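One structure is given below, encoded as structure tokens.
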Amino acid sequence: MSRFFYRKIIAFLIILLLWFLSSAFFPFDIGYYLTLKVPSFFPNNYLISFIWIIIYIFNSSSTYILIKNYELNNDYYFILIINYLFNQTFSLFFSIFHSLFLTLIATTTTAITSIFLYLEAKKINKTSSYLLIPYLIWSFISLILFIIICTLN
């Protein structure tokens, strides 16, 4: 295999690993989660983790396609960075600070900025935007689930 192929793989893996930074620095606090009132219809932690892994692979694919093939504008980079930062702060606010309010702000901001991220990607490349649809949907499902947690607690 060529060096070029390895460079593509390494670039993709770096983008993918960035999505998992908060998991490494602020691991999910299952003990805190178990102290919260959660309805029985909530998906289990393993399913939620699996969904996020798949979504991060799609997000990384979308970002890789756009960065590699297009001259991107500041609007895309700005919304990507804002979305990424709030996505990553979920673990910090929930698992470290145990703050439902700050976690709700992070979840809300992630959901809202995922709309703008999708729209910015769609302006550049429709295939890349389609890869963001699961993230867009799951961000709003997560927001609804977290609003339920906040209401119950």
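The values are calculated or read from the model by the stated rules, or taken from the named source; none is laboratory data. All values derive from a computational prediction rather than experimental measurement. Backbone-built Cβ (ideal geometry, glycine too); neighbour counts: all protein chains shown. These accessible areas exclude ligands, DNA and RNA; they are computed on the full protein's heavy atoms, side chains included. Shrake-Rupley method; radii C 1.70, N 1.55, O 1.52, S 1.80 Å.
Points to keep in mind about this one:
- When we screen TYR32, TYR77 for residues that are surrounded by fewer than 17 Cβ atoms within 10 Å (Cβ to Cβ), assigned to a helix (DSSP H, G or I) and touching a residue at least 60 places away in the same chain (Cβ under 8 Å), the only hit is TYR32.
- Test: residue in the range 46-57 that is open to solvent by less than 30 Å² (accessible area, probe 1.4 Å) and over 24 Å from LEU152 (Cα atoms): yes
This table checks each residue for (1) at pLDDT below 90; (2) over 30 Å from ASN125 (Cβ atoms); (3) out of contact with any strand residue (DSSP E or B) (no Cβ under 6 Å at 6 or more places or on another chain).
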| residue | (1), (2), (3) |
| --- | --- |
| SER2 | yes, no, yes |
| PHE5 | yes, no, yes |
| ILE10 | no, no, yes |
| PHE28 | no, yes, yes |
| GLY31 | no, yes, yes |
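- On inspection, LEU66 does not qualify as more than 23 Å from THR151 (Cα to Cα), of a type in the set (A, V, I, L, M), surrounded by fewer than 17 Cβ atoms within 10 Å (Cβ to Cβ) and modelled with pLDDT of 95 or more.
- Residues that are over 23 Å from PHE58 (Cβ atoms), assigned to a helix (DSSP H, G or I) and among the aromatic types (Phe, Trp, Tyr), drawn from the range 95-132: PHE101
- Residue that is nearest to TRP19 (Cα to Cα) [pool: residues in the range 87-142 that are in contact with a Phe, Trp or Tyr (Cβ under 7 Å, 6 or more places away or on another chain) and open to solvent by 70 Å² or more (accessible area, probe 1.4 Å)]: ILE96
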